[in-house]
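Working notes, structure below.
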Amino acid sequence: MHIVAIDGPAGSGKSSVSKAAAKKLGFGYLDTGAAYRALTWAVLENKMDINGLLAAEIAQKFEYSISLDPENYWVKSFGVDVTEAIRLPVVAEAVSQVAKDAEVRLYMKELTRTLVSGSSLPGVVVEGRDITTVIFPDAQTRILLTASEEVRLSRRSAELPAGVSITEMVTKRDQTDSKVVDFMTPSAGVTLLDSTELSFDETVDAVIHLVRDLS
């Protein structure tokens, strides 16, 4: 199986680019951030309290499932389809607080690896925050996808409801998450892909070229 690990800050386009690349490559697509958001949703909905739980206990209590099919993407938390709900501002504002918990991150590491290893697909594009360094440091293709802050803010603003402070949301989340994992500087063996001057299709093509060059 060819694993494509893609990291990047908020608004870098890693989710949409990863999904599009997966479709063209015939690979699966795994949005690791969805699990953090689904867990956050569960906490906000009082379906789960993670305070003081070890990673093994979180694994026992958290009911989570996600589709790896880029053509039929869905996310479920405790049997509820939360594909749209986890993108709401209230979840986005709270997810960093959940994600910074060491036991949560340990659980997510094992969950991600299990989801990928359980797939029968020829490859999986896995995107998130620490995929190239912590989750799959030995992935065949490792990419840090980024763009200028101005471009990232512009891209993300198009995805959010009117009235939401995009600058505060993106910048604050990056600042909080960067205290836990470095997703702005590529580690050894990771290719930096700056999409500031690239169109969406050009960025997708660049990812595909990297995958094929490293196959």
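The values are calculated or read from the model by the stated rules, or taken from the named source; none is laboratory data. Not measured: the values here are computed from a predicted model. Here the Cβ positions follow ideal geometry from the backbone for every residue, glycine too, while neighbour counts run over all protein chains shown.
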Residue by residue through the stretch 11-39, note down the ones that are out of contact with any Pro (no Cβ under 9 Å at 6 or more places or on another chain), over 24 Å from Lys76 (Cβ atoms) and not in a helix (DSSP H, G or I). Gly11, Ser12, Gly13
Could you go through the stretch 204-215 and let me know if any residue there is surrounded by 14 or more Cβ atoms within 10 Å (Cβ to Cβ), modelled with pLDDT of 65 or more and acidic (Asp, Glu). yes
Regarding the stretch 60-78, can at least one residue be identified that is more than 15 Å from Gly128 (Cβ to Cβ), in a helix (DSSP H, G or I) and out of contact with any Phe, Trp or Tyr (no Cβ under 6 Å at 6 or more places or on another chain)? yes
Would you mind finding the one in Tyr29, Tyr107 that is at pLDDT 95 or above, out of contact with any Phe, Trp or Tyr (no Cβ under 6 Å at 6 or more places or on another chain), closer than 28 Å to Val151 by Cα and of a type in the set (Phe, Trp, Tyr)? Tyr29
Does any residue of the stretch 173-194 turn out to be more than 18 Å from Ala94 (Cβ to Cβ), modelled with pLDDT of 85 or more, in contact with a strand residue (DSSP E or B) (Cβ under 9 Å, 6 or more places away or on another chain) and in a loop (DSSP other than H, G, I, E, B)? yes
Take the stretch 93-148 and flag every residue that is hydroxyl-bearing (Ser, Thr, Tyr) and in contact with a helix residue (DSSP H, G or I) (Cβ under 7 Å, 6 or more places away or on another chain). Ser96, Tyr107, Thr112, Thr141
Condition check for Glu197: part of a loop (DSSP other than H, G, I, E, B) and either surrounded by 16 or more Cβ atoms within 10 Å (Cβ to Cβ) or at pLDDT 80 or above (or both): yes
